[in-house]
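The values are calculated or read from the model by the stated rules, or taken from the named source; none is laboratory data. Because the structure is a prediction, the values reported are computed rather than measured. Neighbour counts are summed over all protein chains in view; Cβ atoms, including those assigned to glycine, are modelled from backbone coordinates with ideal geometry.
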Amino acid sequence: MTPMRTRPGRIAVTIAITLVGLATSASAQQTQTPRPERPYRGMFGGDVGETEELLEVTGSTGIGWDLGNVLVLTDQNLAEPGGQGPYTLTNDSTKYGLFDAGVSYALVKRRLGVSTSAATVGQYRPGFNPSLYNAYSAYAGATYQLSRSARLRGELSVSIQPFNFLPLGPTITDAELGEAVVTDQIFRVSPGKNISRTGNLNFNRKLGRRSSLDVRYETTYYNSVNNTSNLTTRTGGARYSTTLTKGLGIHAGYAYTRAHVDMDASATRYGEHNIDAGIDLSRDLGPSRRTHLTFSTGAAALSANSRTRYYATADALLTREIGRSWSASLAFRRGVDFDEQFREAFLTDSLTVGFGGLITRRLQLHSSASAILGHVGFGPGDNTYRSYNAGAGLTTALNRRMAISADYLYYSYGFGQQVLLPNNLFSQMGRHGVRVSLTAWVPVIAKRRSDASR
């Protein structure tokens, strides 16, 4: 996997970090179950198990309070959709109504797996103009087993957001197929309605018992409604992996990414040569299989405007099962991010931690935190970037279909003095808030697998 990622393409990252307040959904709870023999034991959403076909509908509504650095439009004449009028930050407490809804369908057959979903998130802020903010997203993915040794996988997602966001950190989950996700509005940093599309195609073939070959292609396209910025990335590459001993292997491959940033009638082109060679470690630590470590290394060269930067890349994920229902996760990533608001690339080190579990069958704790430290572009001087976010909450099940959640969320970022910032983006921002919501989950179709564990 190339270390270069863009915000529209980081579906899994957004799931892990920004949907802390929505972690009460059944699908989110199931991702916390790393092994079939350790089933989810909670009351809310806990009766599906391993399914061959699943159609779910979820929805929630509630109320929230934002404290500190809330964006307010000061020129009401520029409040039309896509308007880029002057905004200011207010430290006053603001109350808002929130709602979200989603539908997802998954079908898993012997050779074919299909997943589709759609979601929307909204906020109503009385006294603001506009007072209603909506975001939408749709996703479709499929995996087809061509033969016993060959598999083909494809994914496509589209999202519409009323605000811009910044990179939020590495993922702490590893799902086979993703879901439609829209970023929680508390993480908005600047106005500007935008549309993003991302798609990828991956071919995997086993070469004997120990080795495999992966070939992939990915493209991402971002467009702002007012056409002030556009971002396009295309990545193609191949990787050969082989296992040396149980849980330890090496890989060698190459990937090339082309990024085109078009902003305010000027364009910047980036090229990344990813020398995808290094060590792969994936093993259980200890005889209990409760602790699992995944680690991968590599190296890459990023070039733009006759300048080249060489750097090491790494991805690591450590998970720990605690008791019958608790789990903890720690993820690290070093690599490059692109954000559609900037001409320069982000070179970052990011760390994410997650912790949660059942206090009782009715009461669940969920929490996560992320930190990103890095630089914007190649230039000398104070071009640093930092970002922190965290969230924690409790979910109380009313029954197997409804639950009440209370969450606390925090987010902040800051840029160095020599970072060239886009319009309507402040050099630093800090925001925190609380929210209370009622969530409903309905499994319309839940057909269990014939070989599912009981």
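Descriptive notes on the structure:
- The set of residues in region 337-356 being of a type in the set (Gly, Ala, Ser) and outside any strand (DSSP E or B) consists of ALA345 alone.
- Reported count of residues in region 110-153, each being basic (Lys, Arg) and touching an Asp or Glu at 6+ places or on another chain (Cβ under 8 Å), is 0.
- Region 297-312, residues that are of a type outside the set (Val, Ile, Thr), free of Cβ contacts under 8 Å to residues at least 60 places away in the same chain and closer than 20 Å to LEU281 by Cβ: ALA299, ALA312
- Reported count of residues in region 148-167, each being under 24 Å from ASP214 (Cβ atoms) and either assigned to a loop (DSSP other than H, G, I, E, B) or of a type in the set (Asp, Glu) (or both), is 3.
- Flag if ASP184 is closer than 30 Å to PHE295 by Cα, in contact with a helix residue (DSSP H, G or I) (Cβ under 9 Å, 6 or more places away or on another chain), modelled with pLDDT of 70 or more and not polar (S, T, N, Q): yes
- Test: residue in region 190-201 that is surrounded by 18 or more Cβ atoms within 10 Å (Cβ to Cβ), of a type in the set (Gly, Ala, Ser) and either outside any strand (DSSP E or B) or modelled with pLDDT under 85 (or both): yes
- Top-ranked residue of region 343-360 - restricted to ones that are surrounded by fewer than 17 Cβ atoms within 10 Å (Cβ to Cβ) and farther than 24 Å from PHE165 by Cβ, ranked as nearest to the chain's Cα centre (by Cα): ILE359
- All conditions in (1) at pLDDT 90 or above; (2) surrounded by fewer than 18 Cβ atoms within 10 Å (Cβ to Cβ); (3) under 28 Å from ASP315 (Cβ atoms) hold for PHE378, with the sole exception of (1).
- Only residues that are surrounded by 15 or more Cβ atoms within 10 Å (Cβ to Cβ) and polar (S, T, N, Q) were counted in region 123-144, giving 4.
- Restricting attention to region 124-147, the residues that are modelled with pLDDT under 90 and not in a strand (DSSP E or B) total 7.
- Filtered residues of region 426-446 (kept if closer than 15 Å to ALA392 by Cα and either surrounded by fewer than 16 Cβ atoms within 10 Å (Cβ to Cβ) or free of Cβ contacts under 8 Å to residues at least 12 places away in the same chain (or both)): VAL434, VAL436
- When ARG209 is tested against (1) at pLDDT 75 or above; (2) out of contact with any helix residue (DSSP H, G or I) (no Cβ under 6 Å at 6 or more places or on another chain); (3) part of a strand (DSSP E or B); (4) not aliphatic (A, V, I, L, M), only condition (3) is not met.
- Residue tally, condition in contact (Cβ under 8 Å) with a residue 60 or more places away in the chain, closer than 28 Å to PHE338 by Cα and more than 22 Å from the chain's Cα centre (by Cα), over region 373-411: 1
- Condition check for SER370: modelled with pLDDT of 90 or more, within 21 Å of the chain's Cα centre (by Cα), in a strand (DSSP E or B) and under 30 Å from LEU302 (Cβ atoms): yes
- Subset of region 224-245 that is within 30 Å of PRO191 (Cβ to Cβ) and surrounded by fewer than 16 Cβ atoms within 10 Å (Cβ to Cβ) - its residue that is modelled with the highest pLDDT: ARG234
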